[in-house]
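Structure first, commentary second.
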Amino acid sequence: MLIPEAFDIEHLRSLLPEAAALLTAHAPVTEEMIELAPALRLVAKPGAGVDNIDVAAAARRGVTVTNVPGARGRAVAEHALFLLLHLARRGWLHDDPVWRDTLATQLGGKILGIVGLGEIGALVARFGQGLGMQVLANTRTPDPDRAPGVPVRFVDLDTLLREADAVILCAPLTDATRNMIDRRALRMMKEDACLINVARGPIVSTEDLLEVMRAGHLAGAGLDVTDPEPLPEDHGLRSLPHVLISPHNAGRTIESQTEALARMRENVRLVLSGSPPIDPVG
């Protein structure tokens, strides 16, 4: 196995002609890379989302793409809970004496809005119920069995944005969700609501979020993903104390990393030995 100095096309160009497999986490695997790798049989990822891989180009070349759905779900859901508690308890004041006399927000009795009720969203719903929150969800498949035992109320996006005290984004990045949380959507939210994104950065319009928050709308934001990513160090969102930006590490725990890498290795072993993978995409 070779680890290049960087994962852009120029650093990979000399390596691609002999590559049988490409392993990536967040770095893009483009159509050009795939075309420059005539021996390529597999693109493997130790995560669920494959929006950084040109899956269609791989399919045209007969290249298998694998991911590890479910391996990082609990880790991401727990990180969403961490971001929520940080904002509710005014954690950004930890070094400021005013924290002593600053009132926090109690989550019990509040309304939690979840956009996307897949595995991560369903876990977040369970956590919210455990905190005594009412749970709203907006999802493509409003099935109560997605979160068994949790009394979820399925609503349209506008209703969720208007009613929720905290909105947590867990939806995949698609043409329909790209820039879904724009200026209009943000202005629909309660002035003292929080926005948390553990999905994909482009679901939120970054500049619209900065504009709205600078105007005093929203009590805080927790962003594990941004657009662009990483967000430039001088970006305005980084200067707002009530915005917590984590480095897209929500899914990285000891436990999730162990499972994800083991599953990816098994996918690689199976495909390169001529067998079907356990986690094919598409």
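Extension gain for SER239 to ARG214 (0.36 nm times residue separation, less C-alpha to C-alpha distance): 8.0 nm.
Label sites at ALA176 and SER275, each approximated as a point 7 angstrom past Cα along Cα to Cβ, lie 3.7 nm apart.
Residue-wise HN-Hα couplings along the range 106-112, as the Karplus relation 6.51 cos²θ - 1.76 cosθ + 1.60 with θ = phi - 60° gives them from phi, are 7, 7, x, x, 7, 9, 9 Hz; Gly and Pro carry x. Helix 254-272 and the longest principal axis of the Cα set of the chain meet at an angle near 30°.
Axis of helix 73-88 versus longest Cα principal axis of the chain: the two differ by about 30°, to the nearest ten degrees.
Find how many whole Å separate the alpha carbon centroid of the range 144-167 from the alpha carbon centroid of the range 1-52. Taking the Cα centre of the range 144-167 as reference, the centre of the range 1-52 is 38 Å away. Between the listed residues ALA164, GLY73, PRO151, the Cα displaced farthest toward the positive end of the dipole of the chain, a dipole computed from Cβ unit charges relative to the Cα centre, is found at PRO151. Computed from Cα positions, the angle between helix 119-130 and the longest principal axis of the chain comes to roughly 30 degrees.
Taking the convex hull of the Cα atoms, report for the range 96-147 its projected area averaged over all directions, in nm².
Details: hull surface 18.2 nm².
For the Cα atoms of the range 96-147, the hull's average projected area reads 4.6 nm².
Rounded to the nearest 20, the Cβ-based charge dipole of the range 237-282 about its Cα centre (Lys and Arg +1, Asp and Glu -1) stands at 160 debye.
Only one residue of VAL55, SER239, LEU272 has its Cα farthest out toward the positive end of the dipole of the chain, where Lys and Arg carry +1 and Asp and Glu -1 on Cβ, and that residue is LEU272. Residue by residue, the range 237-245 carries 3J(HN,Hα) couplings of 4, 5, 8, 8, x, 8, 10, 9, 10 Hz when phi is fed to the Karplus relation 6.51 cos²θ - 1.76 cosθ + 1.60 (θ = phi - 60°); x denotes Gly or Pro.
Note on the range 1-55: semi-axes of the ellipsoid equivalent to its C-alpha gyration tensor, largest first and rounded to whole Å, are 16, 12, 11.
For the range 117-167, place one equal point scatterer on every Cα, skip the solvent, and apply the Debye formula. What is log10 of I(q)/I(0) at q = 0.14, 0.22 Å⁻¹? Those come out to -0.29, -0.75, one per q. Across the range 156-170, coupling constants 3J(HN,Hα) worked out from phi with the 6.51/-1.76/1.60 Karplus curve, θ = phi - 60°, read 6, 4, 4, 5, 4, 5, 5, 9, 6, 8, 9, 10, 10, 8, 10 Hz, and Gly and Pro carry x. Each principal axis of the Cα cloud of the range 73-245 was evaluated for its coordinate range; sorted largest first, these ranges are 45, 37, 28 Å. For the chain, the Cβ-based charge dipole about the Cα centre amounts to some 740 debye (Lys, Arg positive; Asp, Glu negative; other atoms uncharged). Based on the inverse mean of 1/r over its pairs of different Cα atoms, what is the Kirkwood hydrodynamic radius of the range 2-138, in Å? When all Cα pairs of the range 2-138 are included, the Kirkwood radius is 18.2 Å.
Just so you know, all these numbers are worked out from the coordinates, no wet-lab data involved. What you are looking at is a predicted structure, and each value in this text was computed from that prediction instead of being measured. Glycine also receives a Cβ, built like all others from the backbone with ideal geometry; neighbour counts cover every protein chain displayed.
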